[in-house]
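Here is the structure we will look at.
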Amino acid sequence: MNRIQADVVIIGSGAGGGTIAQALAPLTADGRKVLVLEQGARLRDDEYTGVESEMARALYEDSGGFLTEQGTLTLAFGRTYGGSTAVYTGTSLIAPERVIRGWDVPDLDHDDIARRCRNFAAQNHVHLLPDDEINDNNRLFELGCRRIGLEAEQFPVNLNGCRGSSLCNLGCPNAAKMGTDRVQLPAAETAGVEVVTRAEALRIEERAVIARVSRPLDGEKGLPSAWEPGEYRIEASAVVVAGGAVGSPALLLRSGFGRLLPRLGEGFTCHPAFILVGEHEERITNDVGHPKSFYLDRAQEEGYVLETCMYFPFITAKNLTGFGPDHSALMKAFPRLQMILVLACDRAVPGNRVSVSGKGVTRVHYEFTPEVRSSLARATVMAARIFFAAGAVRVHAPLASPPLLTRGQADQLDQRISADEFLPGRTSVSAAHLMGGCAMGRTPEDSVTDAWGRVHGVPWLRIGDSSLFPDSLEINPYLTIMALADRTAEALMADSADLFDS
Amino acid sequence: MSVSLGVVRDPFRALCIAFVPESAELNEPGWRELECEVERALADRPTSMQKQMVLLIRILDLLARVRHGNPLAALTPAARREILTRLQDSRWLLLRRGVWGLRTLAFLGYYSRPDTAASIGYRADARGWEARR
């Protein structure tokens, strides 16, 4: 086994790991070695083709279809340089004050989170798209909301030089999305941080990480790793885990920390979501322009959020209920389709958690609570109202029976759409806002870390990603992840004298 | 292990046509393109899942013989859909999951094809607005 000495090893390069890498980069000026291990590959700019199947394979874990243990929910998360920041749409919101207060974590207050979020928003060029760059799919959502007396809000997005490819979720082909792959990681590398791709952290030992570096498979996208293929033991004064809400708890469980931390892996939430489509009589612009410009936040009142979205042929087909001629007819109407994503604001509940099998395989357990099913049904009714108000002639609603609703049925939505139609395994549900598993809190009995990502009882081990969330965030999480990761880095810097001398 | 759909080719194609009626119009290279995509996706999954998928296709073919006296490939697409719909609405999660998995694979194979994207009018382009103006 190869042996490497470092001062800090960061596992993961997404919103959490990339942020920490940049924040710790000044250590390299003092001769400290800071390493980032990323399981995925670093792609050349010309490898972002926008071709659905090949980009999904190159950028996502399990091509974006990681199945839960129950087999009723797929999870999408990035596995590439920049993690999920390479494949999200760049929506950049600050967490609501009531959510942070509700988390009830001592020494964590909303003002601090909001301040850090504003800093990263400025760093990542977050702004509102001008009106002339907003496509019909988004305009119709805003119009539909307005016509039923609701006000859609515009998403601030972290774009710089967006050409409107609509391909954000397949990695921007124009390098216009300011994720950690475009901002924080390059800055860290310029300052002297070393990022090693294709390096999977297998387990953590006392002040050490065991990792395996792989070579590219034949025909696989991405550059080879800077390190030779093989197994490595990387010894370090501090280890920061930022592998995401699935990867981080799984790695710690695989490394035996579950004995010390009984809450490890618990409290997994994910904003389970599905899409509705509305069919218009005329073509609309939907597969050109930024796909996600507006949202309707009903989290506090009704436990859901609606967002504009536009997906690619396979993902769209998969997310529509049913199959056969009706399904095909809807797919053939693609140029006339308006799309809305409904997300339920789920709660951390016992049983929804990350675990590992006896062989170390990562498992995610997730059951849909009655509250989630009700939220999705209410959200479906609201989305259908918006579609019809915007002029759609037909709406495909997963919780309606049958799922196709015509304009003549617009006044029967409450009767036609029901949570009773939610049938796990039949209703296609996916999630991309993965949270929890290494929750912040007070003690090992109620959490895994303190409010600064310090793992209880293990001073050299830190967490810096969305696994820290003690409960659902109820909005798109990326800026909040960066804020928490920034706090983790700040605490590590404050403790560095003790860490590096011990 | 990487699974080959060759061992269940006829029932698999019959199921694809039930899920996506337009797939009946594919020529042999088109089918191979679809099947390669599915085989590639399955190759990334655990061996146990690959075996379960093949087993499920065989069970569905057997079910068709028992209920209708003919294999899936000899049934009309409507008859195949009737079988799949019953299973999709079943009270047994395992059956619902199985149909969901098969339909996902059929959609992956069919809708990942560039020809299909063009045929449904999907026109996303890296040049974005510039390509439309």
Extreme residue, surrounded by the most Cβ atoms within 10 Å (Cβ to Cβ), among residues of region A:285-297 that are touching a Cys at 6+ places or on another chain (Cβ under 8 Å) and part of a loop (DSSP other than H, G, I, E, B): A:His290
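Condition first: hydroxyl-bearing (Ser, Thr, Tyr) and either at pLDDT below 95 or buried (at least 23 other Cβ atoms within 10 Å of the Cβ) (or both). Now tell me which residues in region A:174-197 satisfy that.
To start, the set of residues in region A:174-197 that are hydroxyl-bearing (Ser, Thr, Tyr) comprises A:180, A:190, A:197.
Answer for region A:174-197, where residues must be hydroxyl-bearing (Ser, Thr, Tyr) and either at pLDDT below 95 or buried (at least 23 other Cβ atoms within 10 Å of the Cβ) (or both): A:Thr180, A:Thr197.
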Residue in region A:298-318 that is touching a Cys at 6+ places or on another chain (Cβ under 7 Å), closer than 25 Å to A:Arg407 by Cβ, of a type outside the set (Lys, Arg) and outside the structural domain of A:Thr19 (by TED's automatic domain parsing) present: yes
Qualifying residue in region B:12-19 (condition: of a type in the set (D, E, K, R), within 14 Å of chain A (Cβ to nearest Cβ) and surrounded by 16 or more Cβ atoms within 10 Å (Cβ to Cβ)): no
Residue ID - nearest to B:Leu60 (Cα to Cα), chosen from residues in region B:101-130 that are modelled with pLDDT under 95 and of a type in the set (A, V, I, L, M, F, W, C): B:Ala117
Qualifying residue in region A:31-39 (condition: among the charged types (D, E, K, R), buried (at least 24 other Cβ atoms within 10 Å of the Cβ) and assigned by TED's automatic domain parsing to the domain that holds A:Ser472): yes
Filter result for A:Glu200 (in a loop (DSSP other than H, G, I, E, B) and either among the hydroxyl-bearing types (Ser, Thr, Tyr) or surrounded by fewer than 20 Cβ atoms within 10 Å (Cβ to Cβ) (or both)): no
Some residue of region A:352-363 being surrounded by fewer than 23 Cβ atoms within 10 Å (Cβ to Cβ), charged (D, E, K, R), part of a strand (DSSP E or B) and within 14 Å of another protein chain (Cβ to nearest Cβ): yes
Test: residue in region B:66-80 that is under 24 Å from A:Ser53 (Cβ atoms) and part of a helix (DSSP H, G or I): no
Flag for B:Arg97 being more than 8 Å from chain A (Cβ to nearest Cβ), within 17 Å of B:Arg58 (Cα to Cα) and charged (D, E, K, R): no
Tally of residues being facing chain B (nearest Cβ under 10 Å) and either among the basic types (Lys, Arg) or under 11 Å from A:Ile340 (Cα atoms) (or both) across region A:281-310: 3
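Per-residue answers, yes or no, for (1) buried (at least 21 other Cβ atoms within 10 Å of the Cβ); (2) in the same structural domain as A:Ala242 (by TED's automatic domain parsing):
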| position | (1), (2) |
| --- | --- |
| A:Tyr81 | yes, yes |
| A:Gly90 | yes, yes |
| A:Ala95 | yes, yes |
| A:Pro106 | no, yes |
| A:His110 | no, yes |
| A:Ile113 | yes, yes |
| A:Asp136 | no, no |
| A:Cys172 | yes, yes |
B:Ala118 being more than 7 Å from chain A (Cβ to nearest Cβ) and surrounded by fewer than 17 Cβ atoms within 10 Å (Cβ to Cβ): yes
Tally, over region A:152-171, of residues that are out of contact with any Cys (no Cβ under 8 Å at 6 or more places or on another chain) and more than 8 Å from every other protein chain (Cβ to nearest Cβ): 13
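The values are calculated or read from the model by the stated rules, or taken from the named source; none is laboratory data. Worth saying up front: this structure is predicted, and the values here are computed from it rather than measured. FYI the Cβ positions are ideal-geometry reconstructions off the backbone, even for glycines, and counts take in every protein chain you see.
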